[in-house]
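Below you'll find the structure, written out as structure tokens, and then a few comments.
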Amino acid sequence: MFFLPNAQPDVLDKKRFSFEIELEMNEKIPSPKTVLSYDLGSSFSLYSDVVSYFKSLSTSSGRVLYHEYGKTYEGRPLINLVISSEENIKNIDAIKHKHMQILQETESDQSHLKGQPIFTSFSYNIHGNEASSTEAAMQVAYRMAAAQDEETKEVLKNSIIIMYICINPDGRDRYVYWYKSMKRLKRPSMEPQDIEHMENWPGGRTNHYWFDINRDWVWQVHPEAKGLSHEYQKWLPQVHVDYHEQGYNNNYFTAPGTTPRNQLLPDSYERWSEVFGDANTVQFDKYQINYFTRDRFDFFYPGYGSSYPSVMGAIGMLTEQGGGSAGGRIVQTDDGFHLTLRQRIFDHYTTSIATIKTAVLHREKLLQYSKNALNPANSKSKIKAYFFSDRDVHSNDLVNVLIRNGIKLEQALNDFQISAALDYRSGRISKKVFSKGTYIVTTRQPKHLLINTIMERNLAIEDSVMYDMSTWSAPLAYNLNAYSTMDAFTVETKSIIQEINFKGLVINNEAQYAYVIDWSQRNAPQALAQLWAREYNVRSAFEPFIMGDKPFTAGSLIVLIGRNLHHKDRIDLEIKEIAQNAGVEIIGFNTGRVMTGMDLANGRNVPIKQPKVALLVEPPFSIYTAGQIYFYSIGKRVCQLIVLKLPHFSKVVLQNLEVL
Ligand SMILES: [Zn+2]
């Protein structure tokens with residue numbers, strides 16, 4: 001612990017971090033300061049104030065479109081801006097339509113690229129407590145909306161800029177509210193150990209359910225990622241940068257990154273990431289901003305904001321500013337430097353502007369890069385198709401991931417045979433007959449990079465030192481019976497174009513003896529939670545059994561009507577509601593006599609009681625592990641949960657709990 005001098009620190013240093021004051025700005029366009037009433041860097045902005053700024057910017061500028069693409073769990077709007085010349089904005093639908101057409105055409109004639117703007121996009125503040133980038137987004141948008149110089153006009157004429165201004169507003173506001181409550185009002189603390197720099201658990205990095213949205217770009221479990229991917233696919237940019245912060249002792253990271261790399265990407269990806277990285281470092285050299293490249297951050301896992309764009313045909317990149325949740329408005333680094341929020345905003349602003357200009361400089365080549373990347377004829381993978389069963393517990397989960405990512409999916413209308421199919425479970429290649437209903441994903445489609453990256457059994461990797469995520473083969477992750485082939489094949493198919501969400505079903509709704517819910521169903525735990533919530537007596541099958549020709553797994557839920565007579569008048573109605581709400585199949589039986597296996601009311605099919613479950617949180621427990629349990633239990637309504645803070649644990653009467 002050390003104490004720092006008492007002199008009032010200059011948190012703004014407007015002379016050094018001036019955001020291009022030499023530019024002539026249109027006075028009718030509001031700057032961030034005119035709406036927020038403070039200089040950027042003197043405070044963190046609440047999300048509602050950020051939204052107000054972007055709304056006022058779009059109403060006063062013909063260069064800016066404001067669009068909401070979703071809502072967070074806590075009800076905050078998810079917003080992207082589209083910025084271009086006034087003329088382009090007036091014709092944005094036609095430009096976007098032509099853009100998508102050009103990208104998906106496979107011929108190599110480049111003449112139609114002439115005059116077509118490049119699409120450049122940015123995602124800011126996906127980690128809520130890396131809060132400088134949304135502040136920077138306000139200055140970037142203002143500069144592009146208000147600057148009057150010829151260079152800016154030329155840049156706008158030749159580019160469509162899409163800004164996802166804050167991917168994780170719930171996490172951001174959690175951080176900003178905390179910071180404001182701890183903020184020294186007279187003089188900021190620069191001491192890193194001070195409470196002004198020590199954010200509370202769980203911090204603002206994650207979303208409402210403590211999930212890291214920057215691992216969710218492919219799977220889209222949460223609304224922040226689901227809305228983002230849906231919107232992203234409407235624009236398919238050529239260049240995308242994802243904005244982050246790291247510990248305050250680190251200098252700025254910019255492209256290129258380090259190994260391992262996704263080797264399915266076009267070879268020229270690396271060269272392009274150097275071009276954009278160089279554009280940033282040239283600016284940083286000029287302003288004496290310290291930085292590093294080619295270390296620490298790899299882009300192998302496709303669920304990052306830096307790598308998902310790359311498997312969607314863009315040059316996807318990452319930036320990492322030093323600062324993060326401990327940065328405050330000013331903090332002293334390990335070499336005595338005073339790192340300010342103002343600088344963090346300036347640095348992100350500088351790379352955003354450099355990226356926009358560099359993209360325009362290489363407009364046609366980058367459009368051609370995207371075309372080539374999206375053309376399946378250029379795929380480095382020899383795999384022609386992936387197959388997975390339509391009957392596994394998690395089949396629909398993978399179907400929905402593929403559909404959400406705009407991947408064309410088909411289903412076989414007949415049985416068919418593949419002479420050499422790789423079995424995902426055994427790793428062996430052999431002849432295989434697939435049954436009617438099997439799902440088929442062919443790689444002859446524009447999303448082939450994403451398909452191969454998430455579906456391959458063993459994605460090639462050149463070294464094993466990873467930033468974090470290292471494995472995800474989707475068919476294995478979802479525990480599916482899956483195969484791939486390099487052979488051509490023919491089978492009649494139908495297209496699957498919508499997500500599959502089973503709405504629930506009751507067979508023999510007016511049963512006289514019992515209702516049974518097979519435990520192998522995806523949502524059987526939700527059905528059990530609802531039965532308990534309505535105070536049903538439920539039993540669990542001790543072993544598998546067969547009723548009629550229908551097999552049931554061990555653990556299947558048995559609701560004996562004779563043990564639930566308190567529901568008798570409305571049981572058929574309630575069972576139907578439970579099937580629909582949980583999305584399960586419930587089968588009614590008129591007899592308890594089981595032909596193969598134990599009778600339904602056998603004492604070994606024991607009654608199961610709702611357990612009293614508690615989740616212990618706060619340090620040293622992982623936010624993510626707690627988040628998984630919290631989301632599955634509360635978010636998915638699987639079971640009630642008491643969330644206990646660790647300091648209060650000594651006061652908890654453990655006899656009242658069954659699971660901790
Ligand atoms: Zn981050």
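Just so it is clear, none of the values below were taken in a lab; they were calculated from the coordinates. All values reported here derive from a predicted model rather than from experimental measurement. We place every Cβ from the backbone using ideal geometry, glycine too, and count neighbours over all the protein chains shown.
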Positive-end residue of VAL401, ALA377, VAL441, charge dipole of the range 374-442 with Cβ unit charges: ALA377
Average Cα contact separation per residue, the range 32-374, under 8 Å, 6 or more apart, as relative contact order %: 23 percent
Neighbour-count order for TRP210, TRP472, fewest beta carbons within 10 angstrom listed first: TRP472, TRP210
For the range 524-639, convex hull of alpha carbons as volume per residue, Å³: 123 Å³
Percent of beta bridges antiparallel (DSSP, the range 32-374, rounded to nearest 5): 40 percent
Computed over the chain: relative contact order in percent, which uses C-alpha pairs under 8 Å that are six or more apart: 12 percent
Listed residues TYR301, TYR248, PHE631: farthest to the positive end of the dipole of the chain (Cβ charges): PHE631
Extreme residue, positive dipole direction of the chain, given options SER18, THR350, SER464 (C-beta unit charges): SER464
Table column - 3J(HN,Hα) (Hz), the range 582-599, Karplus curve with 6.51, -1.76, 1.60, x for Gly and Pro: 8, x, 10, 9, 10, 10, x, 10, 8, 9, x, 7, 9, 6, 10, x, 6, 4
Ordering of 461-467, 482-488, 647-653, 322-328 by burial proxy (mean other Cβ atoms within 10 Å per residue, highest first): 322-328, 482-488, 461-467, 647-653
Estimated [θ] at 222 nm from DSSP helical runs (n ≥ 4, -39500 (n - 2.57)) normalised by residues in the chain, nearest 500: -9000 deg cm²/dmol
Amide H contacts under 5 Å for VAL643, placed H, 5+ residues apart: LEU615
Residues whose placed amide H lies under 5 Å from that of LYS71, excluding near-sequence neighbours: LEU78
Charged-residue dipole, Cβ positions (Lys, Arg, Asp, Glu), the range 387-495 about Cα centre, Debye nearest 20: 320 debye
Test item: Cα-centred dipole of the chain, Lys/Arg +1 and Asp/Glu -1 on Cβ, debye: 1240 debye
Note, ³J(HN,Hα) from phi for the range 111-123, Karplus 6.51, -1.76, 1.60, rounded to Hz, x at Gly and Pro: 4, 6, 7, 4, x, 8, x, 8, 9, 10, 10, 9, 10
Share of alpha-carbon pairs per 20 Å distance bin for the chain, given as whole %: 17, 44, 30, 9, 0
Relative contact order (%) - the range 505-603, alpha-carbon pairs under 8 angstrom, separation at least six: 46 percent
Hz values of 3J(HN,Hα) by residue in the range 284-296 - Karplus curve (6.51, -1.76, 1.60), Gly and Pro given as x: 5, 4, 4, 9, 6, 8, 8, 7, 8, 9, 6, 8, 6
Angstrom value of the Kirkwood radius, inverse mean 1/r, which spans all Cα pairs in the range 3-84: 15.3 Å
ALA421 long-range amide H proximity, modeled H, under 5 Å: SER430, LYS431, LYS432
For the range 614-656, convex hull volume per residue from C-alpha positions, Å³: 63 Å³
